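The values are calculated or read from the model by the stated rules, or taken from the named source; none is laboratory data. These numbers were taken from a predicted model, which means no experiment stands behind them. Heads up, the Cβs are rebuilt from the backbone with ideal geometry, glycines too, and the neighbour counts pull from every protein chain shown. Accessible surface areas use protein heavy atoms only, side chains included; no ligands, DNA or RNA. Shrake-Rupley method; radii C 1.70, N 1.55, O 1.52, S 1.80 Å.
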Amino acid sequence: MHELSLAQGLVEQLEQAASMQNALRIDRIVLVIGKYSGVERDAFEFAFPFAAEGTLAENAVLEIEELPVEVECCQCKAVSHPEPTFLLCRACGSNEVKLMGGREFLVRSIELEIP
Ligand SMILES: [Zn+2]
């Protein structure tokens with residue numbers, strides 16, 4: 001499962017960050033996932049506890065913020081939020097659009113328990 005290896009990679013990075021601060025554990029993680037990132041939110045939430053088991057992130061609260069797909073139209077310049085499966089300008093229907101947002105997969109913040 002794609003999301004499990006992503007979650008494992010994320011936990012590894014978080015553990016490195018946490019151990020640099022001598023943290024006892026990771027309490028909370030806020031993740032930003034764009035709807036065009038290819039990461040399924042539900043699958044990621046399901047996979048995360050398996051990846052976190054036995055690590056500093058084991059009991060961490062995982063919060064996910066989803067960002068919409070955002071495109072700018074090359075024809076009419078409108079900025080709109082189409083479905084990720086169908087990148088079209090919602091104002092004029094053109095498929096000549098530039099992807100402005102929605103590919104995000106990043107950590108917005110983490111809270112650590114530091115002695
Ligand atoms: Zn347009």
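Percent of accessible area on the chain owned by carbon and sulfur, 1.4 Å probe? Exposed carbon and sulfur together represent 48 percent of the surface. Projecting the Cα positions of G102, A52, V71 onto the charge dipole of the chain (unit charges on Cβ atoms of Lys, Arg, Asp and Glu, taken about the Cα centre) puts V71 furthest along the positive direction. Note on the range 2-115: antiparallel DSSP beta bridges, both residues inside, total approximately 65 percent of the bridges counted. Enter the accessible area per residue of the range 2-115 (Å², integer; probe 1.4 Å; all protein chains in place). For the range 2-115, the solvent-accessible area averages 60 Å² per residue. Its relative contact order, with pairs defined as Cα atoms under 8 Å and 6+ residues apart, puts the chain at 36 percent. Based on DSSP H segments of at least four residues, each scored -39500 (n - 2.57), the chain has a per-residue ellipticity at 222 nm of -9000 deg cm²/dmol. For the range 30-105, applying the loop criterion from DSSP together with a ceiling of 12 other beta carbons within 10 Å to the trypsin sites (Lys or Arg not before Pro) yields K77.
A probe of 1.4 angstrom, applied to the heavy atoms of all protein chains, finds E72 with accessible area near 40 square angstrom.
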